[in-house]
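What follows is a single structure, written as structure tokens, with notes after it.
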Amino acid sequence: MSIEPSIAVVVPLLNERTVLPALLEHLSTLGADELIIVDGGSTDGSCDFLAASGVCWITSAAGRSTQMNAGSALCTSDILLFIHADTVIDSGHIMAVRKAIAAPDIVGGRFDLHLSGSHPFFRIIERMINLRSRLSGISTGDQCMFVRRAVFEQLGGFAAIPLMEDIDLSRRLKRTGRIACLRTQVITSSRRWEQHGIFTTMVRMWWLRLLFWSGVPADRLAQMYRQAR
């Protein structure tokens, strides 16, 4: 009888106090073997709430790559699953990861994406993102990336860059083995798209990714992203 791989869930967050109660309650139902929250220096009372919650959490320097690396360093599970604070999964997604990773040539993977907004254009964006990811093998953090911990450590984790750390890791990851592109959807908040405009956000993200692929340093891209917000 084979032993199922253990799964650690790592959640980076920054100033998410308003969503923390629902987030922690939801995360507790996933059935993961480990759960660690990594705060990047919140100033909105998030740390006080985490301290009183009893959940396993740490602080680190701000930046998703730094936070996710810090959380991963404390995990002992076979698989690392990275979830953004505004993305929703359930226990079925954990089971899907266990099933996918049972194939020895699978080194990691991601889920299809569903944006929470009701605007019809979101359905088009979802299909574009999921198709692009399936064809390229490249994932984004909104798709809840997962990876074998041994492979993650072999690759040195996320690169210490302020933007596109998910693109960079998935590009390196696909060179080591096969990527599982799971059709099960995760629900990600569309608030960023709605706040800054659907079309504007889409064009901006595609442009930044094109520049990244063209070799523009991530530090420069992060500066451009902040200026455009």
- Item | Mean separation of Cα contacts under 8 Å, 6 or more apart, over the residue count of segment 110-203: relative contact order % | 45
- SASA check, Ser53, accessible area w/ 1.4 Å probe, all protein chains in place, rounded to nearest 10 Å², comes out at 50
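If you rank Glu25, Glu126 by how much accessible surface each has, with a 1.4 Å probe, what is the order from largest down?
Working: Glu25 130, Glu126 10 Å².
Order by accessible area, largest first: Glu25, Glu126.
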- Grab the other residues whose beta carbon is less than 9 angstrom from that of Arg64, score K and R as +1, D and E as -1, and report the net. -2
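Please say if the chain is rounded, prolate or oblate, where rounded means a/c under 1.5 for a ≥ b ≥ c the square roots of the C-alpha gyration tensor eigenvalues, and otherwise the choice is prolate for a/b larger than b/c and oblate otherwise?
Values: a/c = 1.34, a/b = 1.10, b/c = 1.21.
Taking the square roots of the gyration eigenvalues as a ≥ b ≥ c, the chain is rounded.
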- Ignoring ligands, DNA and RNA, what percent of the 1.4 Å accessible area of the chain is carbon and sulfur? 57
- Task: Determine which residues of segment 66-107 fall in the zone a paramagnetic label at Ala160 would reach in this model, i.e. backbone nitrogen under 13 Å from the point 7 Å along Cα→Cβ.
- Result: 66-67, 69-70
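Using 0.36 nm per residue, how much length does the chain from Ile187 to Lys174 gain when fully extended, once their Cα-Cα distance is taken away?
Numbers: separation 13, 0.36 × 13 = 4.68 nm, distance 2.40 nm.
Stretched fully, the Ile187-Lys174 segment lengthens by 2.3 nm.
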- Using 1/(1 + (r/R0)^6) with R0 = 25 angstrom and r between the beta carbons of Glu153 and Met95, what's the FRET efficiency to the nearest 0.05? 0.50
- Task: Output the DSSP H helices from the chain with an along-axis C-alpha extent of no less than 30 Å and a mean Kyte-Doolittle hydropathy no less than 0.5.
- Result: none
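Heavy atoms only, 1.4 Å probe, whole protein assembly: order Thr18, Thr76 by accessible area, highest first. Numbers along the way, then the final one.
Details: Thr18 130, Thr76 100 Å².
Largest to smallest exposure gives the sequence Thr18, Thr76.
Heavy-atom accessible area per residue, the chain, 1.4 Å probe: how many Å²? Can you show the working numbers first?
Values: 10960 Å² over 229 residues.
Result: 48 Å² of accessible area for each residue.
Over segment 7-189, what is the mean sequence separation of C-alpha contacts under 8 Å (at least six apart), divided by residue count, expressed as relative contact order in percent?
On the way: 330 pairs, mean separation 48.1, N = 183.
Computed over segment 7-189, the figure is 26 percent.
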- Message: Whole angstrom only: what separates the Cα centroid of segment 15-70 from the Cα centroid of segment 104-158?
- Response: 22
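What does the extension gain come out to for Asn15 and Ala222, with contour length at 0.36 nm per residue minus their alpha carbon separation? It would help to have the intermediate numbers written out before the result.
On the way: separation 207, 0.36 × 207 = 74.52 nm, distance 1.89 nm.
So the extension gain works out to 72.6 nm.
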- Among rounded, prolate and oblate, which fits segment 1-130 when a ≥ b ≥ c are the square roots of the eigenvalues of its C-alpha gyration tensor, a/c under 1.5 means rounded, and a/b larger than b/c means prolate? oblate
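How big is the antiparallel share of DSSP beta bridges in the chain, given as a percent to the nearest 5? Spell out each step's value before the answer.
Details: 7 of 29 bridges.
About 25 percent, rounded to the nearest 5.
The values are calculated or read from the model by the stated rules, or taken from the named source; none is laboratory data. Model, not experiment: these values are computed from the prediction. With ideal geometry, Cβ positions are generated from the backbone for all residues, glycine too; neighbour counts draw on all protein chains shown. Surface areas here come from the heavy atoms of the whole protein model, side chains and all, with no ligands, DNA or RNA. Shrake-Rupley method; radii C 1.70, N 1.55, O 1.52, S 1.80 Å.
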